[in-house]
Every structure is written in structure tokens, then in C-alpha cells.
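This report refers to the structure that appears directly beneath it.
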Amino acid sequence: FFFLFGPMEAMALASCGARGVGLPPPRLPRSASLRRVSSASCKPSDVSTRFHVAIPVSDLSVAREFYGGTLGLKEGRRSASWQDYDFFGHQLVCHEVPGYNPEASRSAVDGDPVPVPHIGLCLSGEDFGTLTSRIDADAWEVAPHLRFAGQKGEQMCCFLYDPSGNALEFKSMTDDAMLFARYDVDNV
């Protein structure tokens, strides 16, 4: 979370349980004062909240072809070493890092070998269909399919890698209200 937010925001999110499993706690500057935030003060997102994520890419021109061409994302600001995209209303920035070579591990989720780390979006059914129809069938790491069938979290999902090896997940909930439903998936 430290790459998405400043140190105090990362601490607040971590205290709300937003930090991923297996991630180290955010590093705070020695001068930062620590403030515990109760989960009651963590507000759910609304449409005015947008995330910003910056990812490394090994070749910016190839990334531009993939994100702008293959995925059809609208380009924003750009420089010789980075490019902004409208990632379905959120800001995605590709930063060229010569020699970048990610190593992903896997986590089993409803029988899928989910690449970790990854970034993803929850899309409407229509946007999910439009996006997945743009991608060749052999490009999918995990092809579009129904996950958690018959459960609260039922969703269409898929994974693919960008040309630099960054894993991307796209999903569409059968019932949007269930995106943050609390239940134990392993005991259903």
C-alpha cells in the first residue's frame, strides 16, 4: 500500500484491515507520529474516490501498444519514461524500468492459480464482456469463467499478463452488492 498512498494513509488503511496477507507493514518515516484508526472510521469508497496505481514496465512503447491498443485504454499525460491511462475511471501509470522482470507466485482461489501480486478491476457485466471480447483466447492466463458459482461472491473473472509480466485481473460480480459481503469462502 505504500506505493499507492503516503505513509499516514498506508497506516490508516492497514489498521482497517486493507493490507494484503503476507505484505510487510508500511514503512513510516522515523519522524511520523503513529495514530491508530478504528475500523469504524474507515469509509467505504464512493464514485468520487479514484485509485492511482503505478506499475513498472520493461518497454514503454510495448506497454503503450498493450494498454492503449489491446485494452483500448484512453491515454493521459505522458513522458519519455512514463504514461498515464484512464483505467476505467482510475489512474494507471506505467513507468519504464529497464530490465524489469517480475516473478509472480500463485495462490489457489476457487481452483484457479491466481497470480500474486496482481492488480484488478471490478467491472459491470457489459464492460467485462466488451473488454474480454478484445483479447485473443490464447492470451489469457486464466480464461474468463464463472467463479464461486452459487455463492454470495459469484463472479465472472479472468487474468492476463501485460507485456512486462504484470498480472491483471478483471471481474464482474453477479450481484454488485456482494462485492464486500462477509462470509467464509472455505466453509460454504
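General remarks:
- Listed residues Met173, Met178 arranged by accessible area, highest first, probe 1.4 Å: Met178, Met173
- Interchain or long-range residues, amide H under 5 Å from Ser164's placed H: Ser58
- Heavy-atom accessible area with a 1.4 Å probe sorts Tyr183, Tyr85, largest first, into Tyr183, Tyr85.
- The range 91-188 - Debye-derived log10 I(q)/I(0), Cα point model, q = 0.13 Å⁻¹: -0.50
- Ranking by accessible area, most exposed first, for Lys152, Lys74 with a 1.4 Å probe: Lys74, Lys152
- Å² per residue, accessible surface of the range 43-130 at 1.4 Å: 59
- Portion, in percent, of the accessible area of the range 90-188 that falls on carbon or sulfur, probe 1.4 Å: 49
- Solvent-accessible surface (1.4 angstrom probe) belonging to Phe88, in square angstrom, nearest 10: 80
The values are calculated or read from the model by the stated rules, or taken from the named source; none is laboratory data. Being a predicted model, the structure only gives us computed values, none of them experimental. We work out accessible area using only protein heavy atoms, side chains counted, and drop any ligands, DNA or RNA first. Shrake-Rupley method; radii C 1.70, N 1.55, O 1.52, S 1.80 Å.
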